[in-house]
Amino acid sequence: MKRSYIFLATGFEEIEALATADVLRRAGMEVSLIAIHKDRMVTGANGITVAADMLMAGADLADADWLIFPGGMPGAENLHRDAALNDALHAHVKAGGRVAAICAAPALVLAQAGVLQDKKATCYPGFEDYLTRGGATHAAGRVVVDGNVITANGPSSALPFGYAIVEQTLGKKVADEISAGMLY
């Protein structure tokens with residue numbers, strides 16, 4: 001199984017990153033947290049500091065399954081501003097890779113990078129204009145799947161967001177087993 005990556009920038013939404021990582025790992029998926037800054041210790045939007053598994057500078061994303069972007073402010077903006085991450089995102093999408101983003105990240109990371117052209121997507125309320133300017137159609141809903149892209153609308157959707165990634169990777173049966181085991 002290919003490895004998936006969740007990117008952490010200062011100000012990331014903790015529940016979106018960690019709940020997603022938890023769900024994917026429960027499903028047996030290989031997932032790593034990547035800090036885009038120079039320190040593996042990354043502080044989220046709510047003051048929780050997390051140790052990433054690796055730094056972006058040393059990561060080889062060529063064989064990635066999913067590139068996953070949590071929201072949070074200013075975390076999503078920090079992800080958007082990182083040139084190396086944007087280059088990796090473009091290369092991944094160009095190769096047909098899968099991407100997932102939640103909260104502000106669909107709008108601020110994916111849409112601004114131009115990877116949502118002609119896709120349906122959702123995001124945190126108030127960021128819809130970024131989606132449409134990026135060529136996406138805003139679709140109301142907690143989680144929206146359109147081809148190789150999964151988007152979700154915010155912190156309360158972190159678990160269904162993770163389940164959607166599992167379903168697209170390992171199938172509905174596995175996703176249902178994981179969600180049932182978590183009493184969802």
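The values are calculated or read from the model by the stated rules, or taken from the named source; none is laboratory data. Predicted model only: the values in this text are computed from it and were never measured. Here the Cβ is made from the backbone with ideal geometry for all residues, glycine too, and neighbour counts use every protein chain on show. Accessible surface areas use protein heavy atoms only, side chains included; no ligands, DNA or RNA. Shrake-Rupley method; radii C 1.70, N 1.55, O 1.52, S 1.80 Å.
Tabulated values for the structure
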{"read-out": "Residue among ALA121, ALA113, ALA164 with the largest mean-square fluctuation in a Gaussian network model of the chain, springs linking Cα atoms under 10 Å", "value": "ALA113"}
{"read-out": "Sequence-distant lysines (8 or more away, or on other chains) whose Cα lies within less than 17 Å of LYS119", "value": "LYS94"}
{"read-out": "Computed [θ] at 222 nm, deg cm²/dmol, the chain (DSSP H ≥ 4; -39,500 (n - 2.57); rounded to nearest 500)", "value": "-10000 deg cm²/dmol"}
{"read-out": "Computed P(r) (all Cα pairs; region 58-184; 5 Å bins; percent)", "value": "2, 12, 22, 23, 21, 12, 6, 1"}
{"read-out": "Net length gained if the chain between THR43 and ARG133 were fully extended (0.36 nm per residue, minus Cα distance)", "value": "29.4 nm"}
{"read-out": "Contact order normalised by residue count of region 62-116, Cα under 8 Å, 6+ apart, percent", "value": "50 percent"}
{"read-out": "Mean projected area (nm²) of the alpha-carbon convex hull when region 1-124 is viewed from all directions", "value": "6.9 nm²"}
{"read-out": "Relative contact order (percent, whole number), region 25-114, Cα cutoff 8 Å, 6+ residue spacing", "value": "26 percent"}
{"read-out": "Pairwise label distance in nanometres, ASP176 with ARG81, each label 7 Å out on the Cα-Cβ vector", "value": "4.6 nm"}
{"read-out": "Under the span-like rule (Cα at least 27 Å along the axis, Kyte-Doolittle mean at least -1.0), DSSP H helices of the chain", "value": "none"}
{"read-out": "Solvent-accessible area, 1.4 Å probe, carbon plus sulfur percent, for region 1-130", "value": "50 percent"}
{"read-out": "Estimated distance in nm for a label pair at SER156 and ARG26, the labels positioned 7 Å out from Cα along Cα-to-Cβ", "value": "1.9 nm"}
